[in-house]
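Every number here is computed from the coordinates shown, using simple stated rules; none is lab data. What you are looking at is a predicted structure, and each value in this text was computed from that prediction instead of being measured. Cβ atoms come from the backbone with ideal geometry, glycine included; neighbour counts cover every protein chain shown.
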Amino acid sequence: MLLPKYDLKQRIRTKRALQAMAGAGIQSLVSIHLFFAGAFRLELSGFTLLMLFLWLVHLSLYLVIRLGFNRRFADPSMTREMVIWSVMVLLINVFFMDRFRPLMMMFFPTVLIYGAFWMTTRQYLATAALMVFGYFAVMVGIYSIRSQILVLGDELVVGGVFVLVIIAFSFVSNEISLSRKKLRQRNAELATAMGKIEHMAITDELTGLINRRHMIYMLERQKSLVDRGGTGFCICFFDIDHFKTVNDTLGHHVGDIVLQRFASAIKKELRVSDLFARFGGEEFVFMAFGVDLNGAKIAANRLRKTVEQIDFKDISPCLNVTISGGVAKYRSREKVETILSRADRALYLAKNSGRNCIKMENDG
């Protein structure tokens, strides 16, 4: 296959390499046409060897990307390398031409424009300088070995026009590069903003836990997986004991601190696969994957004991916070509301049993 199937970035890089090869193909067709028009000072065998050599390098650059060796480079797209090679190809062709050199020079601005889309400003300015100095170096080389084919005054005029054209295209390329940079920055800013919006949409602002909406979404998602044979899960409804009393006696600002410290302590105890959400007020839902009722009760009790150890002495010497919880296990094909209702009933059983304890749905 010409393009990688699964690696999107490599697919884009390989596609660019093929685009560069397509440009090289057009340039080669022009060279062949000019050769038969008598523009090259080469015999057919020499011209054929030259084309084979140039295309051997073209294919090598493509294969470096297609086979993944480009991943080792600072710039895996290898844009600079392909652009520099394109410039060298044009200079080599110009060196072997006795006539129609200005026709070949028409390809230089195209290469510069192509590079502007992917290279930095410094890189394409360096490329433009390579074109100008490379062209004059080729002219000096031709003059040193075949001065009779050059009309110095004409070559200076052509060279001057070439420099002006490259400068003009450099301004255009600079605008393209700056626009591309601004677009990339705006895309990055947009991605950051979207990430923040997404985070705000699924997160409770006060505690930093996921919110009710996202927990319901995750429950529905896990339900679908279990119904198709995936790993089961349990949930535990938690309630902070006597939280209304904290708000009434110490104030809502203290209640907010209690919720924040509670959430911070809980986060440290969760497994990577666990989810813990603020469901509303002082109610929380814990979802544990891959455990049965007893395992979920053990995990819930661990969280309960963690909450018992939270220090609130800096707020009030007599303030201690405990939680009660009710555990239920998901049953295949049931609605999410059903398991939440069973966990809620187990929670009320824990409250009626003196609070600061965990009850299972089958304890009633």
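Values for this structure:
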item: Greater than 24 Å apart at Cα, pairs in 5/223; 305/351; 267/313; result: 5/223
item: Principal semi-axes in Å for the chain [√(5λ), Cα gyration tensor, largest first]; result: 75, 23, 14
item: Calculated SAXS-style log₁₀ I(q)/I(0) at q = 0.09, 0.15, 0.19 Å⁻¹ - the range 8-196, Debye, Cα scatterers; result: -0.39, -0.96, -1.35
item: The chain, dipole about Cα centre (Lys/Arg Cβ +1, Asp/Glu Cβ -1), debye to the nearest 20; result: 640 debye
item: Estimated vicinal HN-Hα couplings, Hz - the range 274-287 in sequence order (Karplus 6.51, -1.76, 1.60; Gly, Pro = x); result: 7, 10, 9, 10, 7, 8, x, x, 9, 9, 9, 10, 10, 10
item: Where only C-alpha atoms are counted, convex hull volume of the range 15-84 per residue in Å³; result: 81 Å³
item: Packing-based exposure ordering (other Cβ within 10 Å, fewest first) of 342, 72, 80; result: 72, 80, 342
item: Long-range HN-HN contacts of residue 40 with modeled amide H, under 5 Å; result: 98
item: Stokes-Einstein D in µm²/s, Kirkwood radius over Cα pairs - the range 33-138 at 10 °C with 1.306 mPa s viscosity; result: 106 µm²/s
item: Gap separating the Cα centres of the range 95-144 and the range 55-79, nearest whole Å; result: 22 Å
item: Neighbour cut-off at most 14 other Cβ (10 Å), DSSP loop, trypsin sites (Lys or Arg not before Pro), the range 157-231; result: 228
item: Under 20 Å from residue 181, Cα to Cα: aspartates and glutamates that are on another chain or at least 8 residues apart; result: 75, 189
item: GluC sites (Glu not before Pro) within the range 318-364, DSSP loop, no more than 15 other Cβ atoms inside 10 Å; result: 334
item: For the range 47-131: relative contact order, % (alpha-carbon pairs under 8 angstrom, 6 or more apart); result: 26 percent
item: Stretchable slack from residue 88 to residue 332, in nm (0.36 nm times residue separation minus alpha-carbon distance); result: 81.1 nm
item: Whole-number percent relative contact order across the range 1-90, with pairs defined as alpha carbons under 8 Å at least 6 apart; result: 37 percent
item: Length released on extending from residue 353 to residue 9, taking residue separation times 0.36 nm less the Cα-Cα span; result: 117.9 nm
item: Neighbour net charge for residue 40 - beta-carbon separation under 11 angstrom, K R +1, D E -1; result: +1
item: Cα-based reach from residue 268 at 20 Å (exclusive), listing aspartates and glutamates while leaving out same-chain residues under 8 positions away; result: 204, 205, 239, 256, 282, 283, 308, 311
item: Against the rule of thumb 2.2 N^0.38 Å, how large the Cα Rg of the range 212-363 comes out; result: 1.04
item: Computed over the chain: relative contact order in percent, which uses C-alpha pairs under 8 Å that are six or more apart; result: 12 percent
item: Helical segments meeting 20 Å axial Cα length and Kyte-Doolittle 0.5 threshold in the chain (DSSP H); result: 44-66, 79-95, 121-145, 152-202
item: Most positive-pole-ward Cα, 134, 348, 91, against dipole of the chain from beta carbon charges; result: 91
item: Cleavage-rule hits, GluC sites (Glu not before Pro), the range 123-228, DSSP coil, Cβ neighbours within 10 Å at most 12; result: 205
